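So that we are looking at the same thing, I have put the structure below in structure tokens.
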Amino acid sequence: MIAGAANGNILYYNLSSDAVSIFSTGHTGSVKCLKRIDSGRYASGSADRTIKIWNSITGNLIRNLANHTGPVNCLELLTPNRLASDSDDGTIRYW
């Protein structure tokens, strides 16, 4: 299981062993939302006004989306290649 942290990290929780490790770093603000795209990718939205697409196996950054002017609060998968984001800037963007 993964979860966003206030320091911008994305944490991996191993539910079998109760171990916690840092899975991905890259946001400079708190991670406010996560969305699984498919078995190989997930997206994170942050208070730093960016959305990042990550490799779900390695934790490596695939793509950075940075057009919001306010914190990103919500992500929704519309199709396998289409993502919507909601922000405090009052916009919904389609990616």
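Can you list the residues, at least 5 places off or on another chain, whose amide H is less than 5 Å from the amide H of Asp89, using H built in the peptide plane?
Answer set, sorted by chain and number: Thr69, Gly70.
Let me ask something additional. Provide the per-residue ³J(HN,Hα) series for region 78-88, in order, calculated from phi with Karplus coefficients 6.51, -1.76, 1.60 and θ = phi - 60°, each as a whole number of Hz, with x at glycine and proline positions.
8, 9, x, 10, 9, 10, 10, 9, 10, 9, 5
At a 1.4 Å probe, what is the % contribution of carbon and sulfur to the accessible area of the chain?
49
Find out how many positive minus negative residues lie around Ile62, taking Lys and Arg as positive, Asp and Glu as negative, among other residues whose Cβ is under 10 Å from that of Ile62.
Neighbour charge sum, excluding Ile62 itself: +3.
Which far-off residues, 5 or more places away or on another chain, put their amide H under 5 Å from the one on Ile2, with H placed in the peptide plane?
Excluding prolines and chain starts, which carry no amide H, the hits are Tyr13.
Provide the per residue accessible area, probe 1.4 Å, for the chain, rounded to a whole number of square angstrom.
On the way: 5340 Å² over 95 residues.
Computed with neighbouring chains in place, this is 56 Å² per residue.
Would you kindly derive the ³J(HN,Hα) couplings of region 58-64 from the backbone phi angles with the Karplus curve 6.51 cos²θ - 1.76 cosθ + 1.60 (θ = phi - 60°), listing them in order in whole Hz, with x for Gly and Pro?
Karplus-based 3J(HN,Hα) across region 58-64 equals 9, x, 6, 6, 9, 7, 10 Hz.
Can you list residues whose amide H is under 5 Å from Thr50's amide H, if they're 5+ apart or on another chain and H is modeled 1.01 Å from N?
Here the answer is Val72, since their amide H atoms fall under 5 Å of that of Thr50.
If R₀ is 25 angstrom, what is the calculated FRET efficiency for the pair Asn67 and Ala6, using the beta carbon separation as r and rounding to 0.05?
So the FRET efficiency works out to roughly 0.60.
Using only Cα atoms, what is the ratio of the radius of gyration of the chain to 2.2 N^0.38 Å?
1.03
The values are calculated or read from the model by the stated rules, or taken from the named source; none is laboratory data. These figures come from a predicted structure and were not determined experimentally. Counting neighbours? That spans all protein chains shown, and the Cβs are built from the backbone with ideal geometry, glycine included. Just so you know, the surface numbers come from the protein's heavy atoms only, side chains and all, with ligands and any DNA or RNA stripped out. Shrake-Rupley method; radii C 1.70, N 1.55, O 1.52, S 1.80 Å.
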